[in-house]
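The values are calculated or read from the model by the stated rules, or taken from the named source; none is laboratory data. Because the structure is a prediction, the values reported are computed rather than measured. Virtual Cβ from ideal backbone geometry, glycine too; neighbours counted across all protein chains shown.
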């Protein structure tokens, strides 16, 4: 089955700096790569996603890049703010009858004011 | 906008008891997924349903069962509960199709004592 590795497990940045989280996946058939933000006691919230036919996608301060050849994808957050502090999960999906997600181990991002 | 509704939000059960978790997907979403998240862990896929039929099965114990009803809500039934079943249980829903976004509910925190 699919295996997703995520690094780093914790990341501390100063407010206003950029944060980068990287993930690798094992199954070249994966075609959908979402990123979720999870705050304490809440469900994962989809923040951005990318499909395998696209190399990069940006939404305001958040961007995601995908390298299908190397089987890795990254989340970039610019101009970080304290409210960005949360656990971030990458995931990969292979569509068949449904898009079951395989998650990475998560990155705890701490943005210091 | 309507979100995925899960009930109850918190549940405390004793070992060997049974529990039923409910999930109400976003309107028009006909695909439902169940995930289990242990403390400090990433969500692990349990099972999914598409149009009331089981579509994928992950690491769901034989003690657990689930179904999707005609109104698309889903229930996860857990029997012979063990201490290790204590976790957050998330339901997510999506529209049908390739690489569609999955939206998560707020989760049910199950504590087995």
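The table below lists the values:
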| read-out | value |
| --- | --- |
| All positions within the range A:45-68 that are exposed (fewer than 15 other Cβ atoms within 10 Å of the Cβ), more than 14 Å from chain B (Cβ to nearest Cβ) and in contact with a strand residue (DSSP E or B) (Cβ under 9 Å, 6 or more places away or on another chain) | A:55, A:56, A:58, A:61, A:67 |
| Candidate set from the range A:31-44 (those that are facing chain B (nearest Cβ under 10 Å) and either assigned to a strand (DSSP E or B) or in contact (Cβ under 8 Å) with a residue 40 or more places away in the chain (or both)); member that is farthest from residue B:106 (Cα to Cα) | A:31 |
| Any hit, the range B:78-88, residues being within 11 Å of chain A (Cβ to nearest Cβ), crowded, with 20+ Cβ neighbours inside 10 Å and in contact with a strand residue (DSSP E or B) (Cβ under 7 Å, 6 or more places away or on another chain) | yes |
| Filtered residues of the range A:96-113 (kept if part of a loop (DSSP other than H, G, I, E, B), surrounded by fewer than 19 Cβ atoms within 10 Å (Cβ to Cβ) and in contact with a strand residue (DSSP E or B) (Cβ under 7 Å, 6 or more places away or on another chain)) | A:97, A:105 |
| Qualifying residue in the range B:49-58 (condition: at pLDDT 95 or above and either under 15 Å from the mean Cα position of the chain (by Cα) or closer than 27 Å to residue A:31 by Cβ (or both)) | no |
| Given (1) surrounded by 15 or more Cβ atoms within 10 Å (Cβ to Cβ); (2) more than 9 Å from every other protein chain (Cβ to nearest Cβ); (3) modelled with pLDDT under 95; (4) within 20 Å of residue A:1 (Cα to Cα), index of the condition residue B:29 fails | (4) |
